[in-house]
Amino acid sequence: MQQLIAGVHKFQQDELGRYKKLFHRLSRQEQNPHTLFITCSDSRVLAELITQSQPGDLFVVKNVGNMVPRADVPGRNSTAAAIEFAVKILGVSDVVVCGHSQCGAMTALLNGLPESAEIPHLRDWIATASPVRELMDRHYQHLTDRDARITAAAGENVLFALENLHTYPAVATRIADGTLRLHGWFFQIATAKLFAYDLSTQQFQPIEPEP
Ligand SMILES: [Zn+2]
C-alpha cells in the first residue's frame, strides 16, 4: 500500500500539472471514448500505456483472460454490461480485444487450476473459453512447447471473443450499419510489441509504424 500512496503523491506533485486542464475539460462533458478496449487483468498489460492513450480515450474492460462470454450466457456478468454500455450508450467506433503472451488464464485453460474449493468463480469463468481448449485439442496437437501452446490459445481466445461479440444485438446492429469495427490484438510481454489479426493472411501481424 505504501507504494500506492507514494505513487499518488508523485502524481499530485509531478504529473498533475500536465493533466489539470484535460481533467477539468473532461469533467464538464459526458465521457466520449473512441474505443472499447477489452484486455486481460494481468498486471503487465496496460491498455493506456501501450497505446499512449489519454484520459477520456479508452473505455477499458479488464477481466481474467480478456474473455467475452456469449450474450445468451445466463446470469450477471459485468463484461456483457460494459459491452452494451460502450457500444449502445457511449457509441464507441471501435472495439479491440487484446490478448497477451504468458496469460495465466490460458495456462489454466490448458493445464487446469489447482484443486481447491475456494475458487469456484474462477473455475466457472475460465470455462467460458472451453471451446478454445477443444479447438487446441483438435488443431494444435503438433505444438508441444508450453509457451507456444499458451500463445496459440491466447490468439484463438481473441478470435473466439470477437466471434462472441457478434452475439450482442447492440454490436451486431452497429456492425451491420457499418459504424462499428472489431479488432483482434495480441501483446507480447517480452518485447512489449503489439500484433493485430489480419483477415487476409489469418495471422497476427506486427503493428508497425507507417513507412
Ligand atoms: Zn492474461
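The values are calculated or read from the model by the stated rules, or taken from the named source; none is laboratory data. Fair warning: this is a prediction, and the values are worked out from it, not measured in the lab. Using ideal geometry, Cβ is built from the backbone for each residue, glycine included, and neighbour counts are taken over all protein chains shown.
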Any residue in the stretch 86-112 that is more than 17 Å from ALA161 (Cβ to Cβ) and β-branched (Val, Ile, Thr) sitting within a Cβ distance under 8 Å of a residue that is part of a helix (DSSP H, G or I) and near the ligand (Cβ under 10 Å from one of its atoms)? List the pairs, counting only those 6 or more apart or interchain. THR107/ILE150
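One line per residue, one yes/no per condition, for (1) under 14 Å from ILE38 (Cβ atoms); (2) under 15 Å from the mean Cα position of the chain (by Cα); (3) surrounded by 23 or more Cβ atoms within 10 Å (Cβ to Cβ):
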| position | (1), (2), (3) |
| --- | --- |
| LEU109 | no, no, yes |
| HIS121 | no, no, no |
| VAL132 | no, no, yes |
| ASP137 | no, no, no |
| ASP145 | no, no, no |
| ALA148 | no, no, no |
| GLY155 | no, yes, no |
| VAL171 | yes, no, yes |
Just checking, does the stretch 31-39 include any residue being crowded, with 17+ Cβ neighbours inside 10 Å, farther than 23 Å from ILE189 by Cβ and in contact with a strand residue (DSSP E or B) (Cβ under 7 Å, 6 or more places away or on another chain)? yes
Search the stretch 155-169 for residues that are free of Cβ contacts under 8 Å to residues at least 24 places away in the same chain and within 14 Å of GLN203 (Cα to Cα) and pair each with any residue that is part of a helix (DSSP H, G or I) and among the β-branched types (Val, Ile, Thr) when their beta-carbon atoms are under 9 Å apart and the residues are at least 6 apart or on different chains. none
What single numbered condition from (1) in a loop (DSSP other than H, G, I, E, B); (2) closer than 18 Å to ASN157 by Cβ fails to hold for LYS62? (1)
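Tell me yes or no: at least one residue of the stretch 69-88 is within 13 Å of the ligand (Cβ to nearest atom) and either of a type in the set (D, E, K, R) or crowded, with 16+ Cβ neighbours inside 10 Å (or both). Show your work before the answer.
Step one: of the stretch 69-88, the residues within 13 Å of the ligand (Cβ to nearest atom) are none.
No, the stretch 69-88 contains no residue that is within 13 Å of the ligand (Cβ to nearest atom) and either of a type in the set (D, E, K, R) or crowded, with 16+ Cβ neighbours inside 10 Å (or both).
Looking at the stretch 176-186, can you tell me whether even one residue there is assigned to a helix (DSSP H, G or I) and at pLDDT 95 or above? Outline the logic, then answer.
Our first condition is that a residue be assigned to a helix (DSSP H, G or I); within the stretch 176-186, this holds for 176-177.
With at pLDDT 95 or above added as a condition, the list becomes 176-177.
Within the stretch 176-186, one or more residues are assigned to a helix (DSSP H, G or I) and at pLDDT 95 or above.
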